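We did not get these values from a lab; they are worked out from the coordinates using the rules stated. Remember, it's a predicted structure, so these values are computed and weren't measured experimentally. Cβ sites come from the backbone with ideal geometry, for glycine too, and all protein chains shown count toward neighbours.
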Amino acid sequence: MAEGDILDMTASDLGIAAAPRHVALIMDGNGRWAAARGLPRFEGHRRGVEALRRTVRAAIDLRISFLTVYSFSAENWSRPLEEVQSLLGLLHRFIRNDLSELHANNVRVRVIGARADLTPEIANLLREAEQVTQANTGLTLVVAFNYGARQEIAAAARALAQMVAEGRLSPDQIDAEAIAARLDTADIPDPDLIIRTSGEQRLSNFLLWQAAYAEFVFSPILWPDFDRAALVAALDEYAHRERRFGRVEAPRSAKTAS
Ligand code: FPP
């Protein structure tokens, strides 16, 4: 079979039994990709957007239901101003240029992260992407922008504390569900698979709560080189994982009896 044939197949065609419903991506390595070629960091980010476009198309083909991408962390504001501006510009252009294709492909765009301190221009752009696509029923593309998991959890804790202070909730009603329901991801299933590119092996304040039972795949590929084949390879690795969610595996006799 030619390599192209494999790349054209869906996850179920490939016999991947356990396809993840929700894949989350830490798109890392843009700067190193650029440095290795003697190019400015901006060029790495620009090629990173192309990799994102390829990956979204592949996720649609592979019938993934949710794809979350870490596009700008709450901590990324501390990068040099020029780099922050180039990342904001790329987000702007991505939504302006790609929203019609995403909409035509039945993609629903959701944005997670703090909105309060964004410029009205960026906030309106994100709102527009969500509103235009809100009735779509295909892939949900969750863009994590100005996102930090600790900040998200702190905001949920504040909302619950406010309810307790107002006498609308008692402290013993605060459980995992109550917290999850107040996260930005309240109506989004937890990620099954988190992929981080560039060989780094950490979460960097991404989906800390939601990652409780996620599987991790760390790829050595630098993000601008990521493509459908790399995504399929990660799905294949995921399909060989045994997920137990803290339980023990049922004894063989019990399994065959049921
Ligand atoms: C990490 O690479 C990547 C980011 C901080 C930003 C991710 C952004 C994109 C893929 C493009 C922008 C997409 C949108 C939708 C705005 P790094 O710069 O930390 O790389 P390094 O670790 O090699 O320096």
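Rank-order 215-224, 98-107 by packing density, defined as the average count of other C-beta atoms within 10 Å over each peptide's residues, highest first.
215-224, 98-107
Between residue 187 and residue 225, take the C-beta separation as r, use R0 = 45 Å, and let me know the FRET efficiency to the nearest 0.05.
In this case the efficiency is close to 0.85.
Points 7 angstrom from Cα along the Cβ direction at residue 53 and residue 81: gap in nanometres?
So the label points at residue 53 and residue 81 sit 3.0 nm apart.
Once R0 is set to 30 Å, what does the formula 1/(1 + (r/R0)^6) return for the Cβ-Cβ distance between residue 127 and residue 248, expressed as a FRET efficiency to the nearest 0.05?
0.05
At a 10 angstrom cut-off on C-beta neighbours, averaged per residue, how do the peptides 183-191, 112-120, 198-206 rank from highest to lowest?
Per-residue mean Cβ counts within 10 Å order the peptides as 183-191, 198-206, 112-120.
With Cβ to Cβ distances under 10 Å as the rule, what net charge do the other residues near residue 215 carry (K, R +1; D, E -1)?
Cβ neighbours under 10 Å give a net charge of -1.
Which FRET efficiency value, to the nearest 0.05, do you get for residue 161 and residue 203 by plugging their Cβ-Cβ distance into 1/(1 + (r/R0)^6) with R0 = 35 Å?
0.85
Over the Cα atoms of the chain, Rg to Rh with Kirkwood Rh, two decimal places?
The Rg/Rh ratio comes out at 0.99.
What is the spin-label model distance, in nm, from residue 135 to residue 106 if the labels are put 7 Å beyond Cα along the C-beta direction?
1.5 nm
For the pair residue 154 and residue 37, how long in nm is the line joining their label points, each one 7 Å along Cα→Cβ?
Placing both labels 7 Å along Cα→Cβ, they lie 3.8 nm apart.
Net charge around residue 138, counting only other residues with Cβ within less than 14 Å of its Cβ (Lys, Arg = +1; Asp, Glu = -1)?
+3
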